[in-house]
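The values are calculated or read from the model by the stated rules, or taken from the named source; none is laboratory data. On a predicted model such as this, the values are computed, not experimentally measured, just so you know. No Cβ is skipped: glycine too gets one built from the backbone with ideal geometry, and neighbour counts run over all protein chains shown. SASA here: full protein model, heavy atoms, side chains in, ligands and nucleic acids out. Shrake-Rupley method; radii C 1.70, N 1.55, O 1.52, S 1.80 Å.
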Amino acid sequence: MIPRDQHNLSRKQISRGALKVLYTLKDAGFRGCLVGGAVRDLLLGRKPKDFDVATDATPEEVRKLFRNCRLIGRRFRLAHVIFGPEIVEVATFRGTGDGEDSEDHHVVDGRIVRDNVWGTIEEDAVRRDFRVNALYYDIADFSVLDFVGGIEDLERKELRLIGDPVTRYHEDPVRMLRAARLAAKLGFTIDPAAAAPFRDCGALLAEAPPARLFDECQKMFLAGYGLASFRKLLECGLLRQLFPGAVRALANDASGALRTLMEQGFAGTDARVAEGRPVTPAFLFAVLLWGEVEPLARQLHAEGVPPSLAWQRAGHRVMADAGKRVSIPHRFGYAIEEIWALQPRFAERTRKRVFRLLAHPRFRAAYDFLLLRAGESDAVRGSGEWWTRAQTLAPEELSALLAPRTAAKPGDTTDAKPAGTRRRHRRGGGRRKKAAATPETPE
Ligand code: ATP
Ligand code: MG
């Protein structure tokens, strides 16, 4: 136990909602502790992403205390207490449920599929993943409780699993990804004993639910430390469990252009997160899977498939394949395929096609992607520069740039072009919906 005067975690750093939950539990005679990532991050002087509370009150008892509360989860029952945009997750202390197989604790092939046996705070600590994630801040006396050596690891900047790593990974293979993610996020090392089983246990991730892997990908790649996560996953040999095709493509990347594209894609997303701008998973998945889709589209084209169809088919195949491991929701899947399918269209510079592409709802994402590809060849870089300039021009200027050289008499040009441009614009706009539904009409 670390008393209040020996740690730096102060109530001022705790969100209003979390404090309210802690005090309400305490006033009702229950135990209320902040736990997990929030305690870890506050002790490290970082701003927590969210605040989790652990208590000896059951979910039903928690619900009775708060009007703004709903119970969620079957596998893992929890209470969510809602304060406007803030959600405080309140979990009842869990026991280990060792050896027990019942309605409330269910294990299949070593995997925990249901975990609703209540227990003591000490038991709750040991079933958490890393020692640094098992620290509690007790609202009763403002002390920090460390049952497993978490403080020591915080000081060493090391992630150590609680218990035997192989057993813990069999219980839940996603813990391997969490190790890589937290090492990336916090700049910690992974204890060699926790990292050694990645080689043999990595394949267990194939059995993890694809929807959960997508959630984990979002946490890894879209929370501001995507580049570090990507590098860590590669280094740990875990990326191939999620995106085997991407890792194969990186192995064939003699020029290093693909690696550069990926790193810049992640770095750009991290920069956007840092600036508080919105980010979409679609762009990053387009980046991650590019090394697969591009050669496949080329191959299909070489076999005689027309370009636009080749891109559509390649995109479709790659997405279907990726979905077996990580299930990417359809709304993102469509966007990803469109970003890819628009790439060959940047090479088409007729006036009609240029204006159509500029008006395409996915133009911006596809253009950002084109810029990432600059390292592929001088032609691609040149294309990126051309489209960058095209966007700075007024429609009339752009139209003039694209006008056939035969547009002879100055009088004709000034009269005819703006009118032509207006007409094209209207047409481009009118086709928007159609273009989105049927990505590309064949040449
Ligand atoms: P972040 O700051 O990125 O949210 P976190 O450690 O808080 O990291 P959460 O997913 O919010 O991650 O989980 C909260 C806490 O729940 C963890 O700190 C850990 O104690 C526990 N936990 C989460 N996932 C697992 C797991 N798979 N196995 C065991 N304990 C887990
Ligand atoms: Mg958290």
Inset, instruction - Quick one: count up the residues across region 107-127 that are at pLDDT 95 or above and either of a type in the set (G, A, S) or buried (at least 22 other Cβ atoms within 10 Å of the Cβ) (or both). - result: 2
Legend entry - Residues (open to solvent by 10 Å² or more (accessible area, probe 1.4 Å), more than 13 Å from R373 (Cβ to Cβ) and assigned to a helix (DSSP H, G or I)) located in region 240-258: R240, Q241, P244, V247, R248, A249, L250, A251
Legend entry - Residue in region 214-235 that is of a type in the set (A, V, I, L, M), open to solvent by 20 Å² or more (accessible area, probe 1.4 Å) and either in the same structural domain as D321 (by TED's automatic domain parsing) or assigned to a loop (DSSP other than H, G, I, E, B) (or both) present: yes
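Residues are listed down the side, and each one gets a yes or a no for (1) touching a residue at least 40 places away in the same chain (Cβ under 8 Å); (2) open to solvent by 20 Å² or more (accessible area, probe 1.4 Å):
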{"position": "D270", "(1), (2)": "yes, yes"}
{"position": "L284", "(1), (2)": "yes, no"}
{"position": "A302", "(1), (2)": "no, yes"}
{"position": "E338", "(1), (2)": "yes, yes"}
{"position": "A366", "(1), (2)": "no, no"}
Legend entry - Scope region 313-336; condition assigned to a helix (DSSP H, G or I) and under 18 Å from the mean Cα position of the chain (by Cα); matching residues: M319, A322, H330, R331, F332, G333, Y334, A335, I336
Inset, instruction - Give the residue that is nearest to Q218 (Cα to Cα), with candidates limited to residues of region 47-75 that are among the acidic types (D, E) and assigned to a helix (DSSP H, G or I). - result: E60
Legend entry - Number of the condition not met by G119 [criteria: (1) more than 16 Å from ligand 2 (Cβ to nearest atom); (2) over 30 Å from C201 (Cα atoms)]: (2)
Inset, instruction - Taking A184 as the residue in question, decide whether it is within 16 Å of ligand 2 (Cβ to nearest atom), open to solvent by 10 Å² or more (accessible area, probe 1.4 Å) and either farther than 21 Å from R111 by Cβ or of a type in the set (G, A, S) (or both). - result: yes
Legend entry - Residues of region 19-46 satisfying the condition of being assigned to a loop (DSSP other than H, G, I, E, B), under 22 Å from R63 (Cα atoms) and not aliphatic (A, V, I, L, M): G29, F30, R31, G36
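Here is a yes/no grid of residues against (1) outside any helix (DSSP H, G or I); (2) touching a residue at least 12 places away in the same chain (Cβ under 8 Å):
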{"residue": "H106", "(1), (2)": "yes, no"}
{"residue": "A125", "(1), (2)": "no, yes"}
{"residue": "V132", "(1), (2)": "no, yes"}
{"residue": "D141", "(1), (2)": "yes, yes"}
{"residue": "D153", "(1), (2)": "no, yes"}
Legend entry - Scan of region 163-204 for residues that are touching a residue at least 40 places away in the same chain (Cβ under 8 Å), within 22 Å of K324 (Cβ to Cβ) and among the aliphatic types (A, V, I, L, M), ordered by number: V174, M176, L177, A180
